[in-house]
Each structure stands twice: as structure tokens, then as C-alpha cells.
1. Using a Förster distance of 41 angstrom, determine the FRET efficiency expected from the C-beta separation of Q113 and R93, and round it to 0.05.
2. Quick one: Cα convex hull volume of the range 53-176, Å³ per residue?
3. For the range 50-112, which semi-axes, largest first and in whole Å, follow from the square roots of 5 times the eigenvalues of its Cα gyration tensor?
4. Suppose every Lys and Arg Cβ carries +1 and every Asp and Glu Cβ carries -1, with no other charges. What dipole size does the range 85-194 come out with about its Cα centre, to the nearest 20 debye?
5. According to a simple spin-label model (label point 7 Å from Cα along Cα-to-Cβ), what is the distance in nm between T78 and E103?
6. Just name one of I117, G137, S180: the one whose Cα is farthest towards the positive end of the charge dipole of the range 67-182 (beta-carbon charges, Lys/Arg +1, Asp/Glu -1).
7. Please give the length that would be gained between T149 and L122 if that part of the chain were fully extended, namely 0.36 nm times their separation in residues minus their C-alpha to C-alpha distance (nm, one decimal).
8. Rounded, prolate or oblate: pick one for the range 97-170, where a ≥ b ≥ c are the square roots of the eigenvalues of its C-alpha gyration tensor, a/c under 1.5 means rounded, and failing that, prolate if a/b is larger than b/c, else oblate.
Amino acid sequence: MTRSLRSLAQCTAALVAMAGASAAWAQAKPPAATAQPAAGGMRAQLVAVRHAVISSELAAKISQLPVREGQSFRQGETLVAYDCALHRARLERATQAETAAREKLKVAEQLNQLGSISQSDLVQSRAAVSVAQAESGVERVMVRRCTVTAPFAGRVGETYVRAAEHVAEGKELLSIYDDSAFEVEAIVPSRWMGWLKAGYPMKVTVDETGQTYAATVARIAGSVDPVSQTVKLVGQLGNQRGKHAAPLLPGMSGRVHIDPPASKP
């Protein structure tokens, strides 16, 4: 029993000594560095402010694909055109059916004034016009989908189909982006959120062009990574379209340089 108590006392003393050493090491550990940018800045990537993947709204054969990868286009310009002879024929049939239904309704209303038609026949004539109008409206929508126009001015990123191919509804056709303005995405220390706000100036050096661009903080992500203690930052910069400026493209990478505010004396 005495030997067991002696061993227990030795173990307790060892644990107390280890705890004291840990506390002393924690006190001697230098404080965390203040919020200073890493040497060379943080890695960043360019993303177009407006970009989209255009998908087919109908199943049809592609008759025209006037744009290819890297080509520029204007807003409203045709990007894809389909062979829609069948849809146009259906629209013509629906339009003629609507016209015939309206003529029948006129006759029914004239007979109603003479008391020579039942109310049920008059109601059916009016309903026939509504149905024909709805059917022609559907066909007009389908014909409008036969041409895909650009929702904004920009450039083509990738094309996933070729002319003369038959595509299914929902098939991805091409990706486009607005090359007039870009955003830069970077991961920064979350402790910078104390002074890093929207509108804060920064600089972006792009590896592919070798040029440095002025930018501003547009927004900061709404959540922090608890493991790395970092947060996503999104900056705004305009595409430099000067005579000698290299064009910016989505996916280009580089480094973000952010100078912290000068500390007050």
C-alpha cells in the first residue's frame, strides 16, 4: 500500500511539473504578428463580373454558329441559330386555326343577335378562340427560341457544339463572359476584417500580363474558415483597354497587394 501511494505521488508531481512547463512556454511564446500582408501578396484569380453558360431551349438542328472561342460579340447579336422549319410551319397552322376560330365566333355572335343560336354554342365558339390563341402563342415562343442572341456584349469562352449538329433541350451550347469588367478573388487572413472594408484600395499583379492594376474591395464573404482562419475577398477592377494594355481573361491568376492602414502614434 505504501509503495502504491509513493508511485501515485510521483506521477502527480510529474504531471504538475509538465503543466508548469507548458504554462511557462505559453507565457514566453511571442504574440501573434499583427495584420501584415505576406511577402509578395496573396494568390488571386480573375473572374468575369458577368458570365453565363448558354443552353439550348429546344431540341433541334443547329443551322448557324457564327461565333467561336475568343471572338467578341455585341449585345443582341446572334450566337446560335436553329433549323426551325417545322416550328414555323406549326406556327402558321396555329395562326390559321386562330383566324378560323375568330371568324366562327363572329358568325356565332351575329346569330346570337338574331336569337338563332344557343348560349352553349356561343360559349363554345368563344372558348375555341381562347384555345387557338393560346396554341399560337406557344408556337410563337418556340419560334423565338430558334435564335439565341447575346444577353450582353463580351467574348466567347468555349463552344461545346458545332453547326449541323442536332442538340437536345438543355444541352450546353457555349460559355460567354463580359470582358469589360473583372473581379479578383483572394483568400486573406480573417483578422484583417477589423480594417478591411468595401472600397478599400488594393493592387493586383497578373502573372500572364506582368502588369499591375488598381482595384478596390467589392465585398467580403459572409463566413470565415475556422481551420485556416481565412476569409474570401472579392475585389473589383476594370479591364484596361488601352492601346498597349494586354487583355484580361477569366482564369488568369496573380497576386493581391493590400497595405494595412497606418497605425496611429
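1. Between Q113 and R93 the formula returns 0.85.
2. Enclosed volume per residue, from the Cα hull, is 107 Å³.
3. Here the semi-axes work out to 42, 13, 9 Å.
4. Approximately 340 debye in magnitude.
5. For E103 paired with T78, the spin-label model returns 3.3 nm.
6. I117
7. Gain in length upon complete extension: 5.4 nm.
8. Prolate, since a/c reaches 1.5 and a/b exceeds b/c.
Quick note: the coordinates plus some simple rules give every number you see, no bench work behind them. These numbers come from a predicted model, not from an experiment. When we count neighbours, we look across all protein chains shown, and the Cβ atoms used for this are built from the backbone with ideal geometry, even at glycine.
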